[in-house]
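Have a look at the structure below, then the notes.
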C-alpha cells in the first residue's frame, strides 16, 4: 500500500540501529510518497513506511496508527 503525506512532520533522526540521534531532526514533506511494509519493524512502531522519494530526510518511518491516519492518505 502506498501513502502520500498530507501534513508536514518534523521528526528526530535515527542511526542505523534505530536509536535517536541527539539534536538531529528531519522533515517529512507534504506530497512525499511512502510504501507500507507490515513485515518490518525496527523500533516497534505500529506502522512502518519506506520512502519512495530520492530527496527525503528519512529512508523509513515508524509511527502509531493514529499518526498515519492524521498525516497520510492511502493512494494505492
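Every read-out reported here was derived from the displayed coordinates using simple, explicitly stated rules and does not represent laboratory data. These figures come from a predicted structure and were not determined experimentally. So basically every Cβ, Gly included, is an ideal-geometry build from the backbone, and we count neighbours across all protein chains shown.
An ellipsoid equivalent to the range 2-74, defined through the eigenvalues of its Cα gyration tensor, has semi-axes of 17, 15, 11 Å when rounded to whole angstrom and sorted largest first.
Here the extension length gained between residue 76 and residue 40 equals 11.0 nm, from 0.36 nm per residue of separation less the Cα-Cα distance. Put in line by how crowded their Cβ is, counting other Cβ atoms within 10 Å and starting with the fewest, 37, 17 read 17, 37. Its relative contact order, with pairs defined as Cα atoms under 8 Å and 6+ residues apart, puts the chain at 36 percent. Here the residues 19, 42, 72, ranked from fewest to most Cβ neighbours within 10 Å of their Cβ, fall in the order 19, 42, 72. With neighbour counts taken as other beta-carbon atoms within 10 Å, the residues 60, 34 rank, fewest first, as 60, 34. Extension gain, residue 19-residue 2: 0.36 nm per intervening residue step, less the Cα-Cα distance, totals 3.6 nm.
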